[in-house]
């Protein structure tokens, strides 16, 4: 593809476009600067005509210049007839006086005063440095005469400093667009001229643009802040972050993450195996109950735990009178996070177990292997990609969680809470919070690389084009009863926590006043706008995140292209970064041109999609690892292009992962807290923020009502997804006993 002719053509096209781009940039910039300077010159002339006759009113008049020209500074000069020149008067701004003291004796300023003497206003050609509102900038200097009543002599002169930030801001914005246009044009030209499969090239290019703008750029802004203090390079924040105090918090995060991920993965595997690989009957009920913890705000289960098992809890204090048992700390926090996050492992492992072709298992049993030997040597190894993915997703989610530690950490210090408090607490140190958040990336990236290395060393293909439609029962009746008992015990405990929330809807104030009331239900009409905006944004985000995740998974697993590992790491990064940092980084990056998105619904949708992409990507990669590439290669040999293969082959085969991705994105969008708390606006408010506000004000009844409504909505959308996105039975299997 890289022939001499094509390289010459590409270079020629690039030179022509870049030359045209530079010419257009210079032309537009010069035109705008000329327009701004002419407008400022006219406004200075109009301002001078309003000069008061009484010199005592001059100081107040000078201060009014900023109402005509934004951020302008002015200084007045009296005419001295003995010296035949102008001398500085009092009342001018300190900035203008400082500039005059530094440059007033230069040739250009002397010439300007002479022009004012001859009744001619002038704009100095040099742009002078100045400090306005603590920001270093350059200013244009205008000197204009104040004409006396006789009309033929000057009674004084005024010097006005006009910041060039408007013109320079336009030039900077235009420069960004020009560079972006050049990069986009060259990238498109490169893909067309030098790739064998332009469609794949454009898909890869599109993904890089998405993660570049909405992942790398905001994190770069956060990283830049961590190395700067008061606009000067400094390592003070990193020295603080790496101090023993915060190393203890990092160790606390690791302990919490490892314990939560390990227990959640074991629990998720146990329930997923019961649902997908046994003849257990109530599978839909179990699946629904197992996914319930992700369909409520993350802090709602913590509140239930506190109300039931806290120091004054209903069970721990009033029923069992356990005075020495505390739910606060590592144990209680691990319990709550495990309950909240094991559905991630359950959904991930369920998709893997559902994809397994039992032909090899049947062969093992036919060769007189026991069920345990078959499970240990065949079934379990085939689920390793899903287990590792589930462990990593729960681990990173545990590190990034701050709402549960905020309520239950007790004496346990974790970095996510420390970062949140540093940013939003008394310190208000955005850069310091960024440092602590970036420290969380180190264990996450390590876990990610270990998981990728392990999966790449082995083959886990089981779907080869002729998948079996049945799965062999690998459990005996006693084992199945044990799994069923443990599963119902776990789900019963979870159900008790949610019943606590429902009960809270009908009491005046849980834990204080248990009087029955229906007044709490007034929270629904009071929060109707928040409810509709939350549902709308979540419904928009779910299909977008699902399609992008499945397309990215197909490219990463099936295609070879430069930067594949970088793309994968960038797409996985948002899951490891605390939501508070993502939210603040988005505010910093997208609260200015050219992407002014803060305050709109678009920034919330983008946050949802980017934050939940890793789950869909992991599900898609895990599912594709089990599908033989020859199925897609056969379609391509028959003339199908990449979009057709993705739509007709890949998407149906990874349907469980696709549905899980959409469902998870929708739920997480409905229950998000940490990131969107910085991105909401008066028009686009979020229901969970309303619930958090009620909870912080101890109005648990109102919060319980909104939690219940939110759960009902999510369950309804879950059911609707199952109806609308019907399974074509391609991967559905039945359980057979031997």
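Here is a yes/no grid of residues against (1) closer than 27 Å to residue 624 by Cα; (2) in the same structural domain as residue 577 (by TED's automatic domain parsing); (3) crowded, with 21+ Cβ neighbours inside 10 Å:
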position: 376; (1), (2), (3): yes, yes, no
position: 380; (1), (2), (3): yes, yes, no
position: 385; (1), (2), (3): yes, yes, yes
position: 390; (1), (2), (3): yes, yes, yes
position: 394; (1), (2), (3): yes, yes, yes
position: 397; (1), (2), (3): yes, yes, yes
position: 401; (1), (2), (3): no, yes, yes
position: 404; (1), (2), (3): no, yes, yes
position: 410; (1), (2), (3): no, yes, no
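For the range 221-246, what are the residues that are exposed (fewer than 14 other Cβ atoms within 10 Å of the Cβ) and under 21 Å from residue 574 (Cα atoms)? Residue satisfying the conditions is 224 alone. Annotation: of all residues in the range 620-633 being in a helix (DSSP H, G or I) and touching a residue at least 12 places away in the same chain (Cβ under 8 Å), the one that is nearest to residue 665 (Cα to Cα) is 620.
If we scan the range 192-211, do we find a residue that is part of a helix (DSSP H, G or I) and more than 24 Å from residue 644 (Cβ to Cβ)?
Quick first cut of the range 192-211, residues part of a helix (DSSP H, G or I) only: 192-194, 198-211.
Filter once more, so that each one left must be more than 24 Å from residue 644 (Cβ to Cβ): 211.
The answer is yes; a qualifying residue exists.
Quick one: in the range 132-163, of everything that is surrounded by fewer than 13 Cβ atoms within 10 Å (Cβ to Cβ) and either assigned to a strand (DSSP E or B) or touching a helix residue (DSSP H, G or I) at 6+ places or on another chain (Cβ under 8 Å) (or both), which residue is modelled with the highest pLDDT? If we take residues in the range 132-163 being surrounded by fewer than 13 Cβ atoms within 10 Å (Cβ to Cβ) and either assigned to a strand (DSSP E or B) or touching a helix residue (DSSP H, G or I) at 6+ places or on another chain (Cβ under 8 Å) (or both), then 136 is modelled with the highest pLDDT.
Scan the range 273-282 and give yes if some residue there is within 24 Å of the chain's Cα centre (by Cα) and surrounded by fewer than 23 Cβ atoms within 10 Å (Cβ to Cβ), otherwise no. Steps first, answer last, please.
At the first step, the residues of the range 273-282 found to be within 24 Å of the chain's Cα centre (by Cα) are none.
The answer is no; no qualifying residue exists.
Here are some residues: 387, 356, 306, 378. Which one is touching a helix residue (DSSP H, G or I) at 6+ places or on another chain (Cβ under 9 Å) and modelled with pLDDT under 75?
On the way: 387 fails: modelled with pLDDT under 75; 306 fails: modelled with pLDDT under 75; 378 fails: modelled with pLDDT under 75.
Result of the check over 387, 356, 306, 378: 356.
Within the range 418-444, work out how many residues are part of a helix (DSSP H, G or I) and farther than 10 Å from residue 399 by Cα.
In the first step, residues of the range 418-444 are kept if they are part of a helix (DSSP H, G or I); the result is 418-424, 430-439, 441-444.
Next, only the ones that are farther than 10 Å from residue 399 by Cα stay: 418-424, 430-436, 438-439, 442.
Number of matching residues: 17.
Assess whether residue 217 counts as being part of a helix (DSSP H, G or I) and within 25 Å of residue 572 (Cα to Cα). For residue 217, the condition - part of a helix (DSSP H, G or I) and within 25 Å of residue 572 (Cα to Cα) - is met.
Counting only helices (runs of 4 or more DSSP H) that fall entirely inside the range 634-738 and contain at least 1 residues that are modelled with pLDDT of 75 or more and in contact with a strand residue (DSSP E or B) (Cβ under 9 Å, 6 or more places away or on another chain), the qualifying elements are 700-724.
Of the listed requirements (1) touching a helix residue (DSSP H, G or I) at 6+ places or on another chain (Cβ under 8 Å); (2) assigned by TED's automatic domain parsing to the domain that holds residue 180; (3) closer than 29 Å to residue 419 by Cβ, residue 295 misses just one: (2). Residues of the range 610-618 include none that is surrounded by fewer than 20 Cβ atoms within 10 Å (Cβ to Cβ) and outside the structural domain of residue 213 (by TED's automatic domain parsing).
Within the range 172-183, can one find any residue that is surrounded by fewer than 17 Cβ atoms within 10 Å (Cβ to Cβ), under 30 Å from the mean Cα position of the chain (by Cα) and more than 30 Å from residue 71 (Cβ to Cβ)? Among the residues of the range 172-183, at least one is surrounded by fewer than 17 Cβ atoms within 10 Å (Cβ to Cβ), under 30 Å from the mean Cα position of the chain (by Cα) and more than 30 Å from residue 71 (Cβ to Cβ), which makes the answer yes. Taking the conditions (1) surrounded by fewer than 18 Cβ atoms within 10 Å (Cβ to Cβ); (2) assigned to a helix (DSSP H, G or I) in turn, residue 129 satisfies each one other than (2).
Does any residue of the range 459-480 turn out to be surrounded by 13 or more Cβ atoms within 10 Å (Cβ to Cβ), modelled with pLDDT of 80 or more and either in the same structural domain as residue 381 (by TED's automatic domain parsing) or in contact with a strand residue (DSSP E or B) (Cβ under 8 Å, 6 or more places away or on another chain) (or both)? Looking through the range 459-480, at least one residue is surrounded by 13 or more Cβ atoms within 10 Å (Cβ to Cβ), modelled with pLDDT of 80 or more and either in the same structural domain as residue 381 (by TED's automatic domain parsing) or in contact with a strand residue (DSSP E or B) (Cβ under 8 Å, 6 or more places away or on another chain) (or both).
Residues are listed down the side, and each one gets a yes or a no for (1) in a loop (DSSP other than H, G, I, E, B); (2) in contact with a strand residue (DSSP E or B) (Cβ under 8 Å, 6 or more places away or on another chain); (3) loosely packed, with under 12 Cβ neighbours inside 10 Å:
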position	(1), (2), (3)
60	no, no, yes
66	no, yes, no
71	yes, yes, no
79	no, yes, no
96	no, yes, no
102	no, no, no
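In the set (1) in a loop (DSSP other than H, G, I, E, B); (2) under 24 Å from residue 492 (Cα atoms), the condition left unmet by residue 411 is number (2).
State all residues of the range 350-372 that are assigned to a helix (DSSP H, G or I) and within 43 Å of the chain's Cα centre (by Cα); if no residue qualifies, say none. Spell out how you get there, then give the answer.
From the range 350-372, those assigned to a helix (DSSP H, G or I) are 350-355, 359-366, 371-372; that's our starting set.
Answer for the range 350-372, where residues must be assigned to a helix (DSSP H, G or I) and within 43 Å of the chain's Cα centre (by Cα): 350, 351, 352, 353, 354, 355, 359, 360, 361.
Residue 87 satisfies every condition listed in (1) at pLDDT 85 or above; (2) within 24 Å of residue 111 (Cβ to Cβ) except (1).
Going by what's in this entry, would residue 590 be described as in contact with a strand residue (DSSP E or B) (Cβ under 8 Å, 6 or more places away or on another chain), buried (at least 17 other Cβ atoms within 10 Å of the Cβ), touching a residue at least 24 places away in the same chain (Cβ under 8 Å) and more than 30 Å from residue 382 (Cα to Cα)? Working first, answer last.
Numbers: in contact with a strand residue (DSSP E or B) (Cβ under 8 Å, 6 or more places away or on another chain): yes; buried (at least 17 other Cβ atoms within 10 Å of the Cβ): yes; touching a residue at least 24 places away in the same chain (Cβ under 8 Å): yes; more than 30 Å from residue 382 (Cα to Cα): yes.
Considered against the rule, which asks whether it is in contact with a strand residue (DSSP E or B) (Cβ under 8 Å, 6 or more places away or on another chain), buried (at least 17 other Cβ atoms within 10 Å of the Cβ), touching a residue at least 24 places away in the same chain (Cβ under 8 Å) and more than 30 Å from residue 382 (Cα to Cα), residue 590 comes out as yes.
Number of residues in the range 213-257 that are free of Cβ contacts under 8 Å to residues at least 40 places away in the same chain and under 17 Å from the mean Cα position of the chain (by Cα): the value is 1.
The values are calculated or read from the model by the stated rules, or taken from the named source; none is laboratory data. Note that this is a predicted model, so its numbers are computed, not measured. Neighbour counts run over all protein chains shown; Cβ positions are idealised from the backbone, glycine included.
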